[in-house]
Each structure stands twice: as structure tokens, then as C-alpha cells.
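Only one structure is covered here, and it is reproduced in the block below.
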Amino acid sequence: MDAIIIGKVIDNYRITEVLGKGGMGVVYKAKDTTLDRDVALKMMDARLASDENFLKRFQSEAKALAKLQNPNIVSIFALRESEFGFCIVMEYVEGNTLADKISEMGALPLSRTLAIFKQLLIALDHAHKAGIIHRDIKPSNVMLTKDDVVKVTDFGLAKIQQTSAVTMTMGTGGTLFYMSPEQVRGLANVDQRGDIYSLGMTLYETLTGKTPFTESDTDFSIRQAIVEGKIPPPDRLRPDLPKDLVKVVMKAIDKDPAKRFQTAAEMWTALEKVQIPLPVVDKGTTIDRGGSRSFDPQTKSRRMVYLAIAGVTAVVLFFALRLWMSSPSTTLSISSEPNGSKVFFNGDSVGMTPLTNITVRPGNLSLRLDREGYYTKDTALVLTKGENVSIGVPLRKIQTAPPETAENFPPASSTKSGKAKGSQPKEQSKQTGMATLSLRAMPTGFVTVDGTMRSGNTNQVTTVEVASGERTILFEHPVYGSKILQLTLTPGETKTITCYFESYVSIQSLPVWGTIMIDGKNTDVSTPKDRYPLGVGKHRVTVTRAGYETVEGDKEITIMPAFKENVYQLVFNLRKK
Ligand code: ATP
Ligand code: MG
């Protein structure tokens with residue numbers, strides 16, 4: 001049937017090629033002749049399409065799915081019935097699935113994996129907040145564009161499939177590996193934590209190149225392992241994995257849903273904290289040469305040994321250096337959505353997105369994308385020699401005016417600035433199940449609670465009454481990026497939270513009256529300076545004074561968004577030239 005259907009037209013869709021085959025049927029590429037764009041068309045297996053229960057469910061469910069709009073989720077455009085069967089018309093993604101990537105290259109590099117999974121979690125968070133659970137998260141349902149922008153496919157389709165009386169391949173073979181214990185046991189009320197589990201298992205495979213099951217495992221033994229077996233931690237297969245990351249994976253795949261991350265936002269925050277190991281920097285330890293200088297024969301022979309060791313080391317280093325220089329270089333391709341964003345490497349402008357195959361020095365790289373009207377994105381990458389990294393960065397538009405609709409910004413429940421006017425007394429809040437949040441971004445920023453913007457670009461305190469329970473607060477600075485906080489509020493509780501996108505540095509020099517230089521620029525401020533504000537990012541600080549030089553040279557300081565006001569101390573020793 002695959003060949004026969006190529007070239008056929010279903011309403012305004014002309015089928016052009018087969019993209020792949022899955023448990024529900026075949027996926028085709030097609031041209032939408034009305035809008036002149038490519039689409040993907042998922043044709044249901046004829047056995048499913050003849051099941052009345054399935055069709056009813058399919059139509060009602062697909063309507064809900066079509067409402068899911070997110071840059072990291074494949075959009076559903078339409079449903080069609082044709083002589084070939086029922087089909088879903090969806091966004092066409094030019095790229096590969098994560099499953100293809102893993103089978104092509106095995107375990108993916110750490111920085112790339114984190115960039116992919118953070119986008120995945122943003123997609124899940126969006127869907128879960130809209131009340132939609134994926135139920136079949138696995139590498140073959142994660143598509144990656146050539147720039148590594150993530151597009152999750154098949155949202156919610158597993159639910160429709162399960163209602164069918166026809167037994168399809170769902171829950172066997174590939175899909176089974178990622179199924180949560182509660183899904184395997186066939187429990188009815190599988191919730192968003194089931195998706196967290198499947199995502200954790202997908203992360204396991206992306207980091208190690210393998211699932212924790214072996215080829216020879218039968219469906220039965222896999223089911224048994226999922227429900228009661230012990231899954232070995234992923235660093236058993238890849239020992240260099242950061243411990244924090246191993247913990248994130250193991251928490252996501254805990255057998256008990258209550259012990260997993262409870263939300264995608266919570267897991268995102270945990271991933272955000274994972275530190276990718278940096279290349280070890282030799283600090284150039286000073287050796288005390290003031291010891292005994294006596295020339296006894298024992299010292300002499302020891303010296304010979306030292307000389308020999310130094311000689312051998314030099315030869316080894318020479319060959320290591322030659323090998324290093326002849327090995328393939330690291331290239332980086334960067335795109336953004338939308339493109340046309342300025343790109344900075346360690347603060348230096350290198351061009352505009354899309355950039356392809358730029359040769360870069362391996363090691364630590366701080367990347368900044370800056371486009372007018374969008375939030376600036378700062379990312380730290382660790383590049384390994386010979387690696388070809390390709391990243392796609394979705395940019396977020398700056399909303400100039402806070403949403404005004406009553407639905408988005410209920411005036412009755414929020415008051416700007418200072419104490420909540422007319423807010424309910426504590427006892428009353430307790431009864432109504434409400435809690436009070438006093439939120440502030442410093443020096444300025446937007447504040448969003450559970451997806452609803454509560455404060456525009458300001459440093460004023462915004463006090464809002466919110467329902468108790470789990471709340472997600474997003475602080476966003478127009479330039480410095482964002483920070484998410486997840487917290488559980490009890491009825492009647494009051495919480496004050498300030499997110500700082502700036503920290504202070506106290507810059508001293510001995511002797512005093514040095515000029516402070518930051519990021520190569522003269523600040524016209526002299527030491528001693530107690531509180532010099534520095535925004536989020538990496539900065540180089542030094543002090544200059546005529547006739548003097550600093551003993552320490554430049555000092556590097558990295559400011560991250562934080563929920564407390566940090567003051568860093570920097571002291572420079574000056575010595576006469
Ligand atoms: P399952 O049926 O369990 O989801 P699966 O994900 O492997 O299994 P399908 O969803 O049918 O199978 O997808 C088959 C293949 O079609 C995918 O592996 C992918 O290569 C391709 N594909 C699916 N959706 C799209 C899309 N929106 N754009 C481009 N290619 C797609
Ligand atoms: Mg699929």
C-alpha cells in the first residue's frame with residue numbers, strides 16, 4: 001500500500017514519500033497544496049480505523065491535542081478520512097528522531113544532551129499544564145531538527161490507541177523499555193509522573209547509548225524488571241557522568257511516582273543545576289626553591305633522576321601535543337529560532353545566526369545570543385576536541401505589555417506594589433485555601449506565576465494571592481535570562497521572594513586608588529569600592545594603577561541569577577613595576 005498511495009491526493013494533501021512506520025501505521029510526507037507547505041500525514045492502520053470506539057475517541061481527543069501549541073511540540077493541523085483510512089495531518093519536521101541519533105552515534109555528548117532534555121521538559125511542562133499527558137515518551141517520538149531544536153511528536157496518541165479493542169504493537173518491543181511501572185501494571189490513573197519516568201529512561205539511553213535491558217530479555221522479563229527489578233545507575237555504563245546528573249536520572253525513574261520529580265519544571269530545575277565537568281586547569285603551583293643547597297652525592301644522583309624524568313615528560317608532552325594538533329578540530333553550528341541573532345563567544349562577537357561549522361577551541365565556551373525584541377540567551381558549553389556540535393536555540397519574545405485580559409491577569413486577586421491592599425486576613429486565607437506571594441525581580445524583570453504574567457518589567461514588589469499547593473514562579477530579566485522556582489504553599493502562608501539578576505562585588509586593592517577595569521573597560525571607579533553591581537554572566541575584573549602591576553592579573557567572576565543578594569570579595573595586590 002505504501003507505494004500505491006504515493007502521488008495520491010487526500011483533499012488538499014498530495015502524498016509525496018514515506019517517512020517511517022510505527023505501531024499505529026505509516027507516516028507520509030505530503031504537500032498541503034492550499035498553503036504550499038510540507039506536512040506529515042500519519043495514516044492509521046486499517047484495523048484501528050475500522051474500530052468504532054477508536055474513531056470516536058480519536059476525534060474527540062485529537063481536538064484537544066490540536067489546541068497544544070508550543071514550539072517544541074509537533075502541531076496537529078487536521079484530521080482526515082479518506083479511501084486509504086483515517087489520518088492525522090501534522091507539522092512536518094525536517095530532521096531525525098532522537099532514536100536515529102542514538103543508533104547513529106551511541107551516547108550523545110553531555111552539553112548536547114542537556115540542551116535537548118531542557119527543551120523536552122519545556123514541552124512536557126506546557127502539555128501537563130494544559131492537562132495533556134503524552135503517555136509514550138521515547139526516543140522515536142522526539143524529533144530533532146538539524147539545529148537540535150526539539151519537536152515532540154505523538155502527544156496523547158497512546159491514550160487513544162489504548163482504548164481500541166484491536167491489539168496493536170503498543171507496549172511491546174521498543175515502546176516497552178520506556179513504560180513506567182504504573183503503566184506496565186495497567187493502572188488506570190497514570191499521571192504526568194508517568195511521562196517523567198519515560199523521559200528519565202530516554203535520558204538514560206541518550207547518556208549511555210543503551211537501555212538497561214538486554215537484547216535477549218523477553219517482554220515478560222522486561223515488564224518484571226520495570227516493576228520490581230533494580231535498574232543499574234547510568235554511570236555504571238558511562239563512568240564519567242556527573243554524579244548530579246546520575247541522581248536526576250535515578251530520581252526520574254524511581255519506581256514510586258511519589259519519589260520522582262513531581263513536575264517537568266522541577267526536573268528542569270534539577271537539570272539546570274547539573275555542572276558539566278570543566279577541563280582541569282593547572283593553577284601553576286609555585287615550588288619552594290629555598291631548601292638545602294648542599295651538594296652531597298645523594299642529592300646529585302637524585303637530580304639526575306629528576307632530570308631524566310623531566311626529559312621523558314618533555315618527550316611525551318611533545319608527542320601528545322603533536323597528536324592533539326593533528327586530531328580533528330571542534331566545529332560548532334548555531335542557529336536560533338528565529339535566526340538573525342548576534343552571537344558572542346566568551347564576550348566576542350562572532351556573527352549572526354545561522355552559523356555553520358565554525359572551528360572553535362575545545363574547552364569551556366560561554367555563548368550569548370542577542371536579538372532585539374527577544375530575551376538574551378546565555379549558555380555555557382563544554383566542547384571536546386573533534387566534536388561537531390550543532391545547537392538550536394529557541395528565543396523567547398519579550399512581551400512589551402503584560403497580558404491584560406481578565407482571564408490572564410485577574411485584577412481582584414493581585415495588587416501591585418507594597419502590601420496587598422484588601423488582601424484577606426490570614427485566617428480567611430486559610431479557609432479559602434489561598435496563599436500570598438510577594439515577588440520581586442532585581443534590578444528589574446517580569447514575574448510569571450503558573451504561566452500567568454503577574455508583573456511587567458519592574459523592580460517593584462508585586463503581591464498576589466494564589467491558590468495554595470504547588471506553584472511555579474518564573475522570573476525573567478530582559479537581558480540576563482530567567483530563573484524558575486517551584487514551591488509548595490500551604491493555605492494562609494505568606495512568602496516573599498526576590499530574584500537577583502545582579503550581584504555586588506567589593507573590589508579592593510593594596511595599595512588603594514587603582515582604577516577598576518571590568519570586561520576590558522575602564523569603569524572610572526577607583527578602589528576601594530564596596531558594592532559594584534555586576535549583571536548575570538562571566539566578567540573579567542582587574543585593577544590598574546600607573547607604575548604598578550597586579551600580582552594576580554585578571555580575575556574571572558561568574559554571576560548567576562540567585563534568590564539571595566550575593567556580594568563577592570575581590571582583592572588585588574599591586575606591586576611596583
Ligand atoms: P509509535 O507508533 O509507537 O509512535 P514510532 O514513533 O517509531 O512508533 P511513528 O510515530 O509512526 O513511529 O513514526 C514513524 C517515523 O516517521 C518516525 O520515526 C519519524 O522518522 C517519522 N515521523 C513521524 N512524525 C513525523 C513528523 N511530524 N515529521 C517528520 N517525520 C515524522
Ligand atoms: Mg511516534
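All of ASP554, ASP524 fail the test of being of a type in the set (Asp, Glu), touching a strand residue (DSSP E or B) at 6+ places or on another chain (Cβ under 7 Å) and at pLDDT below 90, apart from ASP554.
Is the stretch 183-192 home to any residue that is buried (at least 20 other Cβ atoms within 10 Å of the Cβ), at pLDDT below 95 and within 16 Å of ligand 1 (Cβ to nearest atom)? There is at least one residue in the stretch 183-192 that is buried (at least 20 other Cβ atoms within 10 Å of the Cβ), at pLDDT below 95 and within 16 Å of ligand 1 (Cβ to nearest atom). Among the residues of the stretch 137-151, those that are within 11 Å of ligand 2 (Cβ to nearest atom) and in a loop (DSSP other than H, G, I, E, B) comprise ILE137, LYS138.
This table checks each residue for (1) touching a Lys or Arg at 6+ places or on another chain (Cβ under 7 Å); (2) modelled with pLDDT of 95 or more.
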site: THR202; (1), (2): yes, yes
site: GLY229; (1), (2): no, no
site: PRO234; (1), (2): no, yes
site: LEU245; (1), (2): no, yes
site: MET250; (1), (2): no, yes
site: ARG260; (1), (2): yes, yes
site: LEU271; (1), (2): yes, no
site: GLY284; (1), (2): no, no
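Of the residues making up the stretch 126-143, those that are away from ligand 1 (no atom under 15 Å from the Cβ) and surrounded by 22 or more Cβ atoms within 10 Å (Cβ to Cβ) number 1.
Restricting attention to the stretch 364-377, the residues that are surrounded by fewer than 18 Cβ atoms within 10 Å (Cβ to Cβ) and at pLDDT below 70 total 1. When GLY20 is tested against (1) small (Gly, Ala, Ser); (2) at pLDDT 90 or above; (3) under 13 Å from PHE86 (Cβ atoms), just one condition goes unmet, and that condition is (3). Meeting the requirement of 1 or more residues that are away from ligand 1 (no atom under 16 Å from the Cβ) and either polar (S, T, N, Q) or in contact with a Cys (Cβ under 9 Å, 6 or more places away or on another chain) (or both), the strands (runs of 3 or more DSSP E) wholly within the stretch 1-111 are 76-82. Considering the stretch 378-396, the residues that are farther than 17 Å from ASP147 by Cα and modelled with pLDDT of 70 or more include one that is surrounded by the fewest Cβ atoms within 10 Å (Cβ to Cβ), namely GLY386.
Condition (residue is among the acidic types (Asp, Glu), out of contact with any helix residue (DSSP H, G or I) (no Cβ under 9 Å at 6 or more places or on another chain), without any contact (Cβ under 8 Å) to a residue 24 or more places away in the chain and not in a helix (DSSP H, G or I)) applied to the stretch 213-234: is it met by at least one residue? Looking through the stretch 213-234, at least one residue is among the acidic types (Asp, Glu), out of contact with any helix residue (DSSP H, G or I) (no Cβ under 9 Å at 6 or more places or on another chain), without any contact (Cβ under 8 Å) to a residue 24 or more places away in the chain and not in a helix (DSSP H, G or I).
In the set ARG531, ARG454, only one residue is among the basic types (Lys, Arg) and modelled with pLDDT of 85 or more; that residue is ARG531.
Scanning the stretch 331-349 for residues that are under 20 Å from LYS538 (Cβ atoms) and surrounded by fewer than 16 Cβ atoms within 10 Å (Cβ to Cβ) yields ASN346, GLY347, ASP348, SER349.
With respect to the stated conditions, ASP51 fails to be surrounded by fewer than 13 Cβ atoms within 10 Å (Cβ to Cβ) and farther than 21 Å from HIS134 by Cα.
In the stretch 510-528, how many are in a strand (DSSP E or B) and either free of Cβ contacts under 8 Å to residues at least 24 places away in the same chain or among the acidic types (Asp, Glu) (or both)?
Qualifying residue count for the region: 7.
The values are calculated or read from the model by the stated rules, or taken from the named source; none is laboratory data. A quick note: this is a predicted structure, and the numbers were derived from the prediction, not measured. Cβ: placed from backbone, ideal geometry, glycine included. Neighbour counts: every protein chain shown.
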